[in-house]
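Asker: Supplied in structure tokens, the structure appears directly below.
The values are calculated or read from the model by the stated rules, or taken from the named source; none is laboratory data. Fair warning: this is a prediction, and the values are worked out from it, not measured in the lab. With ideal geometry, Cβ positions are generated from the backbone for all residues, glycine too; neighbour counts draw on all protein chains shown. We work out accessible area using only protein heavy atoms, side chains counted, and drop any ligands, DNA or RNA first. Shrake-Rupley method; radii C 1.70, N 1.55, O 1.52, S 1.80 Å.
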Amino acid sequence: MFGQKGIKKVAILNGPASLEISDERLMGYWGAMKKFNLPIIQNYIKSTDLSKEDTTKKMIELLNGEELPEAVFCFNDYVALYAMQACKQKGLVPNKDIVFVSFANLPITTYLDNPPLASVEQFAYQMGEKAAQLLLKIIQAEKETLEPEDIVVNTKLIVH
């Protein structure tokens, strides 16, 4: 997606290191950057505690750097919304001057003048349903422990 648009400088606004999913998203970022021969710029890698204040601070750090990123991969839609607001405060037009991609695909993004370029739909309802089924299975199990199992809920890239 980015390579097709000539985008080479991609930043990440990731979640806190205390969340395992943050590590997985960072590994995905590195993997994609390497796969498409894009430079990994250390100053473009930011972690946020997911609050509006910290996300805004980290986005401003990106905006005040030597070179603006052309795109920002965000931990979730809320992080993207906070980061896009920081761009507006600096006179930039989100998804024109800097492109955003995120996770969650919140319906509210469809009401934005410049919604994120894309969002990864995570199907939260299905994840909750699978988690509840697993909990009931554990509660009803005759053994003290169950064998580990992989449960996968596929995601879908939604291009806006």
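Asker: Identify, please: which residue in region 6-24 is part of a helix (DSSP H, G or I) and out of contact with any strand residue (DSSP E or B) (no Cβ under 6 Å at 6 or more places or on another chain) and is, among those, most open to solvent (accessible area, probe 1.4 Å)? Give the derivation first.
Answerer: First pass over region 6-24, keeping only residues part of a helix (DSSP H, G or I): 20-24.
Restricting the remaining residues to those that are out of contact with any strand residue (DSSP E or B) (no Cβ under 6 Å at 6 or more places or on another chain) gives 20-21, 23-24.
Numbers: E20: 134, I21: 66, D23: 84, E24: 100 Å².
Restricting to residues being part of a helix (DSSP H, G or I) and out of contact with any strand residue (DSSP E or B) (no Cβ under 6 Å at 6 or more places or on another chain), the top hit is E20.
Asker: Is there a residue being at pLDDT below 95 and open to solvent by 40 Å² or more (accessible area, probe 1.4 Å) anywhere in region 94-102?
Answerer: yes
Here's the yes/no breakdown for (1) under 16 Å from Y78 (Cα atoms); (2) under 18 Å from the mean Cα position of the chain (by Cα); (3) surrounded by 11 or more Cβ atoms within 10 Å (Cβ to Cβ); (4) at pLDDT below 70:
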| position | (1), (2), (3), (4) |
| --- | --- |
| A104 | yes, yes, yes, no |
| L117 | yes, yes, yes, yes |
| G128 | no, no, yes, no |
| A131 | no, no, yes, no |
| A141 | no, no, no, no |
| H160 | no, yes, yes, yes |
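Asker: Would you be able to say whether some residue in region 47-57 is hydrophobic (A, V, I, L, M, F, W, C), closer than 22 Å to E24 by Cβ and surrounded by fewer than 22 Cβ atoms within 10 Å (Cβ to Cβ)?
Answerer: Looking only at region 47-57, we keep the residues that are hydrophobic (A, V, I, L, M, F, W, C), and these are 50.
Applying the additional criterion that residues be closer than 22 Å to E24 by Cβ yields 50.
If we keep only those that are surrounded by fewer than 22 Cβ atoms within 10 Å (Cβ to Cβ) as well, we get 50.
Checked against the condition, which is being hydrophobic (A, V, I, L, M, F, W, C), closer than 22 Å to E24 by Cβ and surrounded by fewer than 22 Cβ atoms within 10 Å (Cβ to Cβ), region 47-57 yields at least one hit.
Asker: Looking at M59, is it within 16 Å of C87 (Cβ to Cβ) and not in a loop (DSSP other than H, G, I, E, B)? Outline the logic, then answer.
Answerer: Details: within 16 Å of C87 (Cβ to Cβ): yes; not in a loop (DSSP other than H, G, I, E, B): yes.
When the stated conditions are applied, M59 passes them.
Asker: Within region 25-39, which residues are surrounded by 13 or more Cβ atoms within 10 Å (Cβ to Cβ) and outside any helix (DSSP H, G or I)?
Answerer: F36, L38
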